[in-house]
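The values are calculated or read from the model by the stated rules, or taken from the named source; none is laboratory data. Note that the coordinates shown come from a computational prediction; the quantities given were computed from them, not determined experimentally. Note that each Cβ is placed from the backbone with ideal geometry, even for glycine, and that neighbours are counted across all protein chains shown. In case anyone asks, the SASA skips ligands and DNA or RNA and just uses the protein heavy atoms, side chains included. Shrake-Rupley method; radii C 1.70, N 1.55, O 1.52, S 1.80 Å.
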Amino acid sequence: MSDFARTTVTAALIYANGPIHIGHLAGCYLPADIYVRYLRLKKQEVIFVSGTDEHGVPITIKAQKEGKTPQQVVDHYYKEIKSSFEEFGISFDIYGRTSDPAHHKMSQDFFLKLYQDGKFIEEVTEQYYDEAADQFLADRYITGDCPKCQQPGAYGDQCEKCGSALSPTELINPKSTLSGASPILKETKNWFLPLDQWQGELEKYVNSHPEWKSNVSGQVKSWLQDGLRPRAMTRDLSWGVPIPLPDTEGKVLYVWFDAPIGYVSMTSQLTPDWEKWWKAEDSRIVHFIGKDNIVFHCLIFPAMCMAHGGYQLADQVPANEFMNLEGDKISTSRNWAVWLHEYLKEFPGKQDVLRYALTASSPETKDADFTWADFQTKNNSELVAILGNFVNRAFVLIDKNFEGIVPEKAAGTGLEADVIAALAEIPAKLDQALATYKFRDALVYAMEIARIGNKYLADAEPWKIIKEDRDKAGTVLNYAVQLVAHASLALEPFIPFTAARLRTALGLADADWSAIGNFELIPAGQKLANPGLLFEKLEDDVIQAQVDKLKATKAQMELASKQVAPIKETIDFDSFAKMDMRIGQITAAEKVEKSKKLLKLTVNDGLKDRTILSGIAEHVEPEAIIGKQVTFLANLAPRKIMGQESEGMILMAEDADGSLAFVQPSKSVWNGASIS
RNA sequence: GGCGGGGUAGCUCAGAUGGUUAGAGCGUUGGAUUCAUAACCCAAAGGUCGGCAGUUCGAUUCUGCUCCCCGCUACCA
């Protein structure tokens, strides 16, 4: 790693269809920023590149929903995202966007080179096309009956009822989810990158990086083991980078084709010297991403680069897992998130508190959970009590006893050697942790300096010594100031706003990693400017307000989901009369093996016992329902489900929360009672 | 369904190529202290390391099965 002359750091491109939330920050932006700041402290050559991804279906959906054009949507969010990142101290060298003409040009050139070099496979396939919406339909936008289990509501890629993987053309009675119309099959030509041809080289590449995190190499190797297949690099969509070939109207580049090129095109906006950062052999590329982006950065983009030639491949891809919020998955569409722009407004000047809290429980090895209670604890018990308190003690003691001027070192208390020794261990540990992307550990090492400081003050008791020996007390405070200075350096990557305040207070012009260990960093006689309290305690009511806000969101979302479905189309009496609904009694119930949802019920219908399979296993205990009377449809055509014959269907009422309840007679009736 | 990651103290998480008392921070309890934002400092309590079985002299660490959470599953990105 020391062979590299410079480092190109990227953080994932985010969709410009919503604001930034803490999941994004913890997932890649904060770790990337910490890493970049660390490299800068070490005076290494580095650039930090990111931006918004402004293409793809989610953007068009958002635009449709808001009655805007896609361009209006991305313009709005680009601005908002960029400014909240800036305010939060994410120190990008360039924050670009993929709708930029320079980006279009570069990704088109990239595509064209692959095309001209014959790296693509052209393939004409039949895809479902929604004539009403005038567009081809991605798998997710088609539903129909599952060809395997016959149940309705299967998606184009998968039936969630029986779990089968499907392709859209297999669906029975397909419908577009956009317009509800029946889609037609239409021929379309797309360009595929034959990933299978790069399998060998990709394996070599992946195997040359045994240091990758287990979640990264695990997923990548799993794909390689399954065998790679050609992947379409173009899409039938109107919003995106147009394909630079004749007669390709209505087709654009696959967003995952142009997005990673975005890193490069954005670099070209930063410096005319951009090629050095992506092509020079002594340039190291590091992609910070979330776990959902692993294959695109570790397989597909590398394959594109191999096909193109000339580009360096990523040296590290430190993917984080996900950050949950109060026990639930963060979700933009469900509004379950702590939004950065709201945080910045509601907690002005407290960027570092959030940076600290998110780093301290960063999802480095597994999903993590952000709770407001934890946020409060981290602020009150660590930032205020450990760091803020130590700094305040040092400044107040010097202000009171030495008029704010750093005293000379004289004979010490005998504890100084221990302090120096304790501090001496920190830089190497810190360096090691940061260099290996273990930011959680690194933060603990950096905070250790303040702990050392607190202990030193408690043991040395300069407030007592001063009464007899002013020089000795001065010595202690001199050391304390040096420790504050060290904290300001070691904590710079994590809490840069606080670090800068400290440097100003100390009169330390420059932040330089190599100064760690230097106990003459702040010269005696230096006039200090007490920065005041670095952090303030967060009271319960402030935290409670945030929790309440989330609870209100949740309640609102539940309310929204409680919307009663509209009445279906009118039917005549005969259609109704055809249904033979009856009351029967459950005499036996057991789980169907290898099925999550299915229960095998034996129902006494007054004539005989019949077997009915019902997808209610997640809602009821088999033992608990034996003996219950239920309503069932008796003349439904028998159907095989998971190899077993089901004779009828149990009627269930679905509650707003998705739970199911039996439809039962209000008093016990005889089995076989018909319903009319 | 297949594949990948994870399940370790009340909470958030480390760790062990298998080996004497499994770690940290926070929280809790007790003590000490008052320069400091009722903060700091010291100490203690607290874990059958998801469950079952196997390999082994010995497993929380290896193997198999199983349960739970998360992700991916290739034209959703």
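At a Cα cut-off below 13 Å, give the aspartates and glutamates reachable from A:LYS554, other chains included and same-chain residues fewer than 8 away excluded.
Cα-Cα hits under 13 Å: A:GLU326, A:ASP328, A:ASP657.
So, in Å, what gap is there between the alpha-carbon centers of segment A:26-50 and segment A:393-422?
Here the answer is 33 Å between Cα centres.
Given 0.36 nm per residue, what is the gain on full extension from A:ASP471 to A:ALA500 after removing their alpha carbon distance, in nm?
7.5 nm
About the Cα centre of chain A, how large is the charge dipole given +1 on each Lys and Arg Cβ and -1 on each Asp and Glu Cβ? Please answer in debye to the nearest 20. All intermediate terms of the calculation are to be shown ahead of the outcome.
Values: 72 positive and 92 negative charges, 123 e Å.
So the dipole magnitude of chain A works out to roughly 600 debye.
Report, in degrees rounded to the nearest 10, the 0 to 90 angle that the Cα long axis of helix A:30-41 makes with the longest principal axis of chain A.
30
Distance cut-off 25 Å, Cα to Cα: go down the list A:LYS204/A:LYS279; A:LYS82/A:LYS291; A:LYS291/A:LYS438; A:LYS378/A:LYS551; A:LYS79/A:LYS189 and report the pairs above it.
Listed pairs above 25 Å: A:LYS79/A:LYS189.
Convert each backbone phi in segment A:531-537 into a coupling constant with the Karplus relation 6.51 cos²θ - 1.76 cosθ + 1.60 (shift: θ = phi - 60°), then list the ³J(HN,Hα) values in order as whole Hz, x for Gly and Pro.
Coupling constants for segment A:531-537: x, x, 6, 6, 9, 10, 4 Hz.
Which of the trypsin sites (Lys or Arg not before Pro) across segment A:288-397 are loop residues per DSSP, with 13 or fewer other Cβ within 10 Å?
A:LYS329, A:LYS366
P(r) for chain A: what percent of alpha-carbon pairs falls in each 20 Å bin, starting at zero?
Per 20 Å bin, starting at zero, the Cα-Cα P(r) for chain A comes out as 15, 38, 30, 14, 3, 0 percent.
On average, how much accessible surface per residue is there in segment A:196-249, in Å², for a 1.4 Å probe, leaving out ligands, DNA and RNA? Write out the running numbers ahead of the final one.
On the way: 3160 Å² over 54 residues.
For segment A:196-249, the per-residue accessible area is 59 Å².
Does anyone have the angle between helix A:416-435 and the longest principal axis of chain A? Alpha-carbon axes, 0 to 90°, nearest 10?
40
Out of all DSSP beta bridges in chain A, what portion is antiparallel? Express it as a percent rounded to 5.
70
Which residues' amide hydrogens lie under 5 Å from the amide hydrogen of A:GLY404, considering only partners 5 or more residues apart or on another chain, with H built in the peptide plane?
Amide H to amide H, under 5 Å and 5 or more residues apart or across chains, A:GLY404 pairs with A:ASP399.
Report, by chain and number, residues whose modeled amide H sits under 5 Å from the one on A:GLY96, excluding near sequence neighbours (fewer than 5 apart, same chain).
Result for A:GLY96 returns A:SER50, A:GLY51, A:THR52.
Ranked highest first by the average count of other Cβ atoms within 10 Å around their residues, in what order do A:49-57, A:575-583, A:78-86 fall?
Ranked from most to least packed, the peptides come out as A:49-57, A:78-86, A:575-583.
Per residue, how much accessible area does segment A:371-515 have with a 1.4 Å probe, in Å²?
Spelled out: the 1.4 Å probe surface of segment A:371-515, per residue, equals 39 Å².
In chain A, what percent of the accessible surface is made up of carbon and sulfur (1.4 Å probe, ligands and nucleic acids excluded)? Let's see the in-between values first.
Numbers: 15650 of 31330 Å².
Answer for chain A: carbon and sulfur cover 50 percent of the accessible area.
Under 24 Å Cα to Cα from A:LYS464, which lysines show up? Leave out anything in the same chain fewer than 8 places away.
Straight-distance partners of A:LYS464: A:LYS400, A:LYS409, A:LYS455, A:LYS472, A:LYS527.
Work out, step by step, the length gained on full extension between A:GLU425 and A:ALA555: first 0.36 nm times the residue separation, then minus their alpha carbon distance; give nm to one decimal.
Full-extension gain reported as 41.8 nm.
Once the dipole of chain A is set up with Lys and Arg at +1 and Asp and Glu at -1 on Cβ about the Cα centre, which of A:ALA428, A:MET233, A:HIS104 lies farthest towards its positive end?
A:ALA428
Compute the helix-to-body angle for A:540-561: its Cα long axis versus the longest principal axis of chain A, expressed 0 to 90° and rounded to tens.
Approximately 20 degrees, to the nearest ten.
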